[in-house]
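Report on the structure given below.
The values are calculated or read from the model by the stated rules, or taken from the named source; none is laboratory data. This one's a predicted model, so the numbers in the text were calculated from it and none came from an experiment. Glycine also receives a Cβ, built like all others from the backbone with ideal geometry; neighbour counts cover every protein chain displayed.
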Amino acid sequence: MITIDTVAFTPWAAIAGGLAIGLATALYLLGTGRVAGIAGIVASPLRALMRGAPWRPEVGRLLFLLGLLASPWAWQWVAPWPAARVDVGTGALVLAGLLVGVGVRMGNGCTSGHGVCGLSRFSLRSLVNVLAFMGSGFATVFVLRHLL
């Protein structure tokens, strides 16, 4: 039997968040002609910095990242922040971050690029990547919570 936690069930907040993500990625695509994959948006200014290249082409990406960083504070005008709870240690978080980085390189893009932008363009490569990282996440949680 399926039960819904009516206290944590916030459909209007979820719809508003989804619309905000969709609007931001659409505006980024219209403004730059590029998909709003966070890995690429973060990596591009870093590559420019390491090469000593001009920063002018990176301004849009930096503004997009600034918007991502500022959005939680803007959201608290609409709804309270959810309580954050992390059940693992720092080592596990670092390992998880490194594994995500390896996956980004292997999958030619990040979860946001494939999941938000790639699926909306009906990209088969993005569908395969989303199935792979979601399946891996499900399997990891199952093993950690039920087998170990």
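What to note about this one:
- Considering the range 21-118, the qualifying helices (runs of 4 or more DSSP H), each wholly inside and each with 2 or more residues that are assigned by TED's automatic domain parsing to the domain that holds LEU131 and at pLDDT 85 or above, run over 90-106.
Conditions tested, residue by residue: (1) out of contact with any His (no Cβ under 6 Å at 6 or more places or on another chain); (2) of a type in the set (A, V, I, L, M); (3) over 26 Å from SER44 (Cα atoms).
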| position | (1), (2), (3) |
| --- | --- |
| LEU63 | yes, yes, no |
| GLY67 | yes, no, no |
| PRO72 | yes, no, no |
| ALA84 | yes, yes, yes |
| LEU95 | yes, yes, no |
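- Selection from the range 31-62 of residues that are surrounded by 14 or more Cβ atoms within 10 Å (Cβ to Cβ), free of Cβ contacts under 8 Å to residues at least 24 places away in the same chain and closer than 18 Å to SER120 by Cα: ARG34
- Screening the range 19-45 for residues that are within 12 Å of the chain's Cα centre (by Cα) and not hydrophobic (A, V, I, L, M, F, W, C) and picking the one that is farthest from LEU98 (Cα to Cα) gives THR25.
- Pair list, Cβ under 8 Å, 6 or more apart: the range 14-30 residue in contact (Cβ under 8 Å) with a residue 12 or more places away in the chain, other residue exposed (fewer than 15 other Cβ atoms within 10 Å of the Cβ) and aliphatic (A, V, I, L, M): ALA16/VAL78
- On inspection, VAL128 fails the criterion of being more than 27 Å from ALA16 (Cβ to Cβ), touching a residue at least 40 places away in the same chain (Cβ under 8 Å) and surrounded by 12 or more Cβ atoms within 10 Å (Cβ to Cβ).
- Criterion: of a type in the set (Lys, Arg) and closer than 30 Å to THR10 by Cα - qualifying residue of ARG85, ARG34: ARG85
- So ARG125, is it modelled with pLDDT under 85, within 20 Å of the chain's Cα centre (by Cα) and not in a loop (DSSP other than H, G, I, E, B): no
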